[in-house]
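In what follows, a structure is listed as structure tokens, so that the remarks can point back to it.
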Amino acid sequence: MLVNNAGITGSGQVDPADAHDQIPSTVDLDMVRAVFETDLFGVIAVTNAVLPLLRKSPAPRIVNVSSHAASLTLTSDPDGLGPLAPVADAWAALRKASD
């Protein structure tokens, strides 16, 4: 069994009221790239690395753990995620890739 549970928001330890760098109009593109690298591409890389072993298992399982921020309902609501909105796309992409 593979459990993908790694994820970052890109904001580090910051109070949401102080997360000005995550307002979509001022978001740091390098931070968004880092989030996608961890939250989406990292999961794909680890999954691909483990697939040969999983294919040998009689009951292979892959579990991708996400947060509620991957909700398409929340990401489509301008007030739904506040400062997490720019990085929620990585979580939503992983959720879709897992289907």
Among the residues of segment 4-35, what is the count of those that are open to solvent by less than 30 Å² (accessible area, probe 1.4 Å), at pLDDT below 75 and in a helix (DSSP H, G or I)?
1
For segment 36-49, what are the residues that are open to solvent by 40 Å² or more (accessible area, probe 1.4 Å) and more than 11 Å from the chain's Cα centre (by Cα)?
Ile44, Ala45, Val46, Asn48, Ala49
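The values are calculated or read from the model by the stated rules, or taken from the named source; none is laboratory data. Since this is a predicted model, take the numbers as computed values, not measurements. Note: areas computed on protein heavy atoms with side chains; ligands, DNA, RNA excluded. Shrake-Rupley method; radii C 1.70, N 1.55, O 1.52, S 1.80 Å.
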